[in-house]
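S.K.: Got a structure here, written out as structure tokens. Questions coming.
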Amino acid sequence: MLSNIKHYLSVYRKFVATSIAVNTSFRTSFVMLIIMDLFTFFTTIYSIDFIYNHIDTIGPWGRNELLFFACFMLMIDNLHMILFSESFWELSFSIKNGSLDFVILKPLNTIFSVFFRYFRPSSCVLTPLYIFYLIKYGNLVGLGTLDWVLLPFMIFSGLAVLVLIEFCFCSAMFWVTEGIGINFLRLQLQQLSRWPNFIYGPLARKFLTVAVPITLIGSAPVHFLLDKSRYGLFLAMPVAIIILIFILRIVWEKGLRNYDSASS
Amino acid sequence: MTNFLKWWQTVKISWVKHTAYRLNFFLQIIGPSLVFFFVKYNLWTSIFEQSATKVIQGYTLDQMLSYHAWAFIISLVAQGHGSWNLSEDIRLGRISSYLIYPFNFWEFHTASFISFQGIQILIAGVTLLFFSYISIISSFSFEVLLTGFTFTLLVSIFWFLTQYFTGLLAFWLEETWILRVMLQIVSVFLSGAIIPLELYPEWFVKILNFTPFPYLSYYPIQIMMGRDVSLVSGVVIICSWIVGLIFINKFIWRRGLRLYTAAGM
């Protein structure tokens, strides 16, 4: 088991090293990606800020609570951009042109070799900014010591829920001819998760908690951090992660069997 | 006449290409606008339900929902086209064929844009009927609709030329999708597609008025909602940008061709 983990870590180190080498050789793209992330960050923050110039609360939350939530989601987004986002786009292309053959032939778990292959170093540049704003609004909403200890764990749990949902959806690419649409669907799910669950009506909220549990990504942990009596959704996170892993193994296996290798 | 036939055939082929993968088309083109509207609908309903005041910067809940319904329809017509293939054509050396064809590169992509607009207008029309049926959009006159629609078509030409411009930069850049996404993020934020410009700080709106962004969403929405806006200045500004972009794109195309290495030939 331990040697297996060591083996996968050594492979992942190579994945990261090659991704850094590729990304830094196109310097203009590297800089533009940083600017793009900056735009995303500030437009999100200022959209919320402008709304709160005219109202006091949205649902139970004031300006600082919602901005803390937004920073929490942006932090998850930043990690997602660094670790996974490139691999999703690559998957749709490699299924279409058959280059996935070379990936699945490797003596590695295919989920690992498909979704952990690409690393985006440009997004790391802005990570300190995301952390700074998360700490700033965390202080403003009065997080306690235990909350700060729990925060990194919650961010990674939220990220786990997000990517597991996305992995499941991306398995559908094996059944369609053009997989880019699935990637757009994935982006829309992210879009829905970027707002707290209370903005949605009862039916939509139930759907987005049970059927496609994207409200567990940010709403569950942030509600718990701000109000310890709201632990229900937070406790549902590990359950959702286990169920999603189970579903992923089934759909991924079926998807791979359905893959007909365009180039062979 | 021969030229018209070439245009017509290209429009027809593009139509077939756009609609070949219907699920993909729905998820890629309609899905984002639909989800964007869904989020805004829920967000503003939630805000107004909690708010003590029933009017926020001149908007009641009904007017706010109507604003975002129009934003949805306008985004379908005005900001749908992405010119995704354009930069790929350049990067992968596919424009070599266009240099030999008796049908130019810009003609091919403009014909593709026209067919795409045809589909989008159809979808926008159905959406408009649906929104009217469920009363999110209240009554509108034919005259207002025609004016708003004409202005939106002008905006769509501007948007196409902007996308064309970013695509042409593939002569110099490895990845142009980043520029397209950046443009999308900035324009959504600055055009009033997320929140009406009345909610932005006044100094900020004054600066924005010197840019084309408010004309992408906010102005067409105001026209469609029958509000008082300076139509002449809007048309003049958008047309000036269109003319400017035509010249810039021509210039970039000529400069870019000098760098073109016809990869894969």
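The values are calculated or read from the model by the stated rules, or taken from the named source; none is laboratory data. Bear in mind that the values here come from a model prediction, so they are computed numbers and not experimental data. Here Cβ is always computed from backbone atoms with ideal geometry, including for glycine, and neighbour counts include all displayed protein chains.
S.K.: Take the residues in region B:48-74 that are assigned to a helix (DSSP H, G or I), more than 11 Å from every other protein chain (Cβ to nearest Cβ) and polar (S, T, N, Q); name whichever of them is nearest to the chain's Cα centre (by Cα).
M.R.: Restricting to residues being assigned to a helix (DSSP H, G or I), more than 11 Å from every other protein chain (Cβ to nearest Cβ) and polar (S, T, N, Q), the top hit is B:66.
S.K.: If you scan region A:167-209, which residues turn out to be more than 22 Å from residue A:67 (Cβ to Cβ), touching a residue at least 60 places away in the same chain (Cβ under 8 Å) and not in a loop (DSSP other than H, G, I, E, B)?
M.R.: Matches in region A:167-209: A:167, A:168, A:170, A:171, A:172, A:173, A:174, A:180, A:182, A:183, A:186.
S.K.: Check region A:218-229 and report whether any residue there is among the acidic types (Asp, Glu), loosely packed, with under 15 Cβ neighbours inside 10 Å and outside any helix (DSSP H, G or I).
M.R.: In the first step, residues of region A:218-229 are kept if they are among the acidic types (Asp, Glu); the result is A:227.
Narrowing the set further to residues that are loosely packed, with under 15 Cβ neighbours inside 10 Å leaves A:227.
Checking which are outside any helix (DSSP H, G or I) leaves us with A:227.
Within region A:218-229, one or more residues are among the acidic types (Asp, Glu), loosely packed, with under 15 Cβ neighbours inside 10 Å and outside any helix (DSSP H, G or I).
S.K.: Does residue A:55 satisfy the condition of being modelled with pLDDT of 95 or more, among the β-branched types (Val, Ile, Thr) and either closer than 30 Å to residue B:51 by Cα or in a helix (DSSP H, G or I) (or both)? Explain how you work it out, then say what you get.
M.R.: On the way: modelled with pLDDT of 95 or more: no; among the β-branched types (Val, Ile, Thr): yes; either closer than 30 Å to residue B:51 by Cα or in a helix (DSSP H, G or I) (or both): yes.
So residue A:55 does not fit the description; no.
S.K.: Still on this model: Give just the number: which of (1) buried (at least 16 other Cβ atoms within 10 Å of the Cβ); (2) farther than 12 Å from residue B:151 by Cα; (3) not β-branched (Val, Ile, Thr) does residue B:222 not satisfy?
M.R.: So residue B:222 meets the others, but not (2).
S.K.: Give me the residue from region A:176-203 that is among the aliphatic types (A, V, I, L, M) and more than 8 Å from chain B (Cβ to nearest Cβ) and, out of that set, surrounded by the most Cβ atoms within 10 Å (Cβ to Cβ).
M.R.: So in region A:176-203, the residues among the aliphatic types (A, V, I, L, M) come out as A:176, A:180, A:182, A:185, A:187, A:189, A:192, A:199, A:203.
Of the ones still in play, those that are also more than 8 Å from chain B (Cβ to nearest Cβ) are A:189, A:203.
Working: A:189: 17, A:203: 8.
Of everything passing the filter in region A:176-203, A:189 is surrounded by the most Cβ atoms within 10 Å (Cβ to Cβ).
Residues are listed down the side, and each one gets a yes or a no for (1) more than 14 Å from chain A (Cβ to nearest Cβ); (2) under 16 Å from the mean Cα position of the chain (by Cα); (3) outside any helix (DSSP H, G or I):
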{"site": "B:175", "(1), (2), (3)": "no, no, yes"}
{"site": "B:193", "(1), (2), (3)": "no, yes, yes"}
{"site": "B:214", "(1), (2), (3)": "yes, yes, no"}
{"site": "B:223", "(1), (2), (3)": "yes, no, no"}
{"site": "B:228", "(1), (2), (3)": "yes, no, yes"}
{"site": "B:251", "(1), (2), (3)": "yes, no, no"}
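S.K.: In the set A:57, A:18, A:43, which member is among the polar types (S, T, N, Q), without any contact (Cβ under 8 Å) to a residue 24 or more places away in the chain and over 24 Å from residue A:199 (Cβ atoms)? I'd like the intermediate steps shown before the answer.
M.R.: On the way: A:57 fails: over 24 Å from residue A:199 (Cβ atoms); A:43 fails: over 24 Å from residue A:199 (Cβ atoms).
After applying the criteria, what remains is A:18.
S.K.: How many residues does region B:18-54 hold that are in contact (Cβ under 8 Å) with a residue 24 or more places away in the chain and either over 30 Å from residue B:136 (Cβ atoms) or aliphatic (A, V, I, L, M) (or both)?
M.R.: Qualifying residue count, region B:18-54: 3.
S.K.: Give the residues of region B:98-126 that are buried (at least 16 other Cβ atoms within 10 Å of the Cβ) and polar (S, T, N, Q), sorted by residue number.
M.R.: B:110, B:112, B:115, B:117, B:120
S.K.: For region A:1-50, give me each residue that is facing chain B (nearest Cβ under 10 Å), at pLDDT below 90 and surrounded by 16 or more Cβ atoms within 10 Å (Cβ to Cβ).
M.R.: Of everything in region A:1-50, just one residue is facing chain B (nearest Cβ under 10 Å), at pLDDT below 90 and surrounded by 16 or more Cβ atoms within 10 Å (Cβ to Cβ), namely A:29.
S.K.: Still on this structure, I have one more. State whether the residues of region A:109-126 include one that is closer than 28 Å to residue B:195 by Cα and either in contact with a Phe, Trp or Tyr (Cβ under 7 Å, 6 or more places away or on another chain) or of a type in the set (A, V, I, L, M, F, W, C) (or both).
M.R.: Going through region A:109-126, the residues closer than 28 Å to residue B:195 by Cα turn out to be A:123, A:126.
Filter once more, so that each one left must be either in contact with a Phe, Trp or Tyr (Cβ under 7 Å, 6 or more places away or on another chain) or of a type in the set (A, V, I, L, M, F, W, C) (or both): A:126.
Looking through region A:109-126, at least one residue is closer than 28 Å to residue B:195 by Cα and either in contact with a Phe, Trp or Tyr (Cβ under 7 Å, 6 or more places away or on another chain) or of a type in the set (A, V, I, L, M, F, W, C) (or both).
S.K.: Another question, if that's okay. Hey, residue A:44 hits all of (1) under 24 Å from the mean Cα position of the chain (by Cα); (2) not in a helix (DSSP H, G or I) but one; which does it fall short on?
M.R.: It fails just one condition, (2).
S.K.: Here's another thing I want to ask about it. Filter region B:133-173 down to the residues that are without any contact (Cβ under 8 Å) to a residue 12 or more places away in the chain and in a helix (DSSP H, G or I) and list them by number.
M.R.: B:133, B:142, B:143, B:146, B:150
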